[in-house]
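S.K.: Following this message is one structure expressed as structure tokens.
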Amino acid sequence: MMVDHSKLEGKVLVVGDRGFESYNAFAHVEQKGWKCLIRVKDPDSNGILSALDLTSSEEFDQEIQWILTRKQTKVIKAHPEIYKFIPKTSPFNYLDLHVNKFYPNTFRVVRVQVEKNSYQSFITNLPESEFSPEVIKELYHMRWGIETSFRELIRKPLKSYISNLSATYSHHCSMSSLT
């Protein structure tokens, strides 16, 4: 994972979009001692939140404590509120069936309103005492500003490159037809 190769030290906050929604990504960030704020799919989708017993409120901030495992014993199956089964087909580098059978996992699920009738959901390990749902919303919004600026930075040179490439190709083709 890219996180493992990073040389960043100190207080690090990884802010990610729905493409980073995975237990494995979350665990790698946690193992580095970093904090994360990841936007996730809504509870009524097929993402991480769909397996959780969350409050029915539109907005909420709820702590989740789970033990992740690849085991499927009767006890584990009988307690889905405690255990989350991770199939072998899902990458998770901190579990196996022999030595590391369990991985305790604690995170917050924060759901905030961003517009009328529009909500966003996040998982984070940022402490509730320092990061209210409103602050979580602001942090993610900052990330969005960076992303749109980055897209614009990439788009302009790319358009220029394609335009130059097209002109060069057209010129080359017309020169080739003369010979």
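Yes or no, residue by residue, for (1) surrounded by fewer than 18 Cβ atoms within 10 Å (Cβ to Cβ); (2) of a type in the set (Ser, Thr, Tyr); (3) on the phi < 0 side of the Ramachandran plot; (4) in a helix (DSSP H, G or I):
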residue: 81; (1), (2), (3), (4): yes, no, yes, no
residue: 96; (1), (2), (3), (4): yes, no, yes, no
residue: 107; (1), (2), (3), (4): no, no, yes, no
residue: 131; (1), (2), (3), (4): no, no, yes, no
residue: 138; (1), (2), (3), (4): yes, no, yes, yes
residue: 141; (1), (2), (3), (4): yes, no, yes, yes
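S.K.: Can I ask one more? Quick check on my filter: what residues within region 51-79 are within 22 Å of the chain's Cα centre (by Cα), surrounded by 11 or more Cβ atoms within 10 Å (Cβ to Cβ) and not polar (S, T, N, Q)?
M.R.: Listed by number, the residues that qualify are 51, 52, 54, 59, 60, 61, 64, 66, 67, 68, 70.
S.K.: If you don't mind, there's one more thing I want to ask. Where the second residue is of a type in the set (Val, Ile, Thr) and not in a strand (DSSP E or B) and the first is under 19 Å from residue 110 (Cα atoms) and lies in region 61-85, which pairs have Cβ atoms under 8 Å and are six or more apart or on separate chains?
M.R.: Filtered contacts from region 61-85: 62/55; 66/82.
S.K.: Okay, moving on. Please specify each residue of region 1-40 satisfying the condition of being within 12 Å of the chain's Cα centre (by Cα), more than 18 Å from residue 112 (Cβ to Cβ), outside any helix (DSSP H, G or I) and of a type in the set (A, V, I, L, M).
M.R.: Hit for region 1-40 is 14, nothing else.
S.K.: Considering only region 41-74, state which residues are of a type in the set (D, E, K, R), part of a loop (DSSP other than H, G, I, E, B) and touching a helix residue (DSSP H, G or I) at 6+ places or on another chain (Cβ under 8 Å).
M.R.: Selection gives 41, 42, 44, 59.
S.K.: Moving to a separate point now. Under 6 Å between Cβ atoms, which residue pairs at least 6 apart in sequence (or on different chains) link something in region 107-129 that is β-branched (Val, Ile, Thr) with a partner that is not in a strand (DSSP E or B)?
M.R.: 110/133; 110/136; 112/59; 112/133; 112/137
Read the figures in this text as sums done on the coordinates, not as results from a lab. The model shown is predicted, which means the values in this text are computed figures rather than measured ones. As a convention, Cβ positions derive from the backbone with ideal geometry for all residues, glycine included, and neighbour counts pool all protein chains shown.
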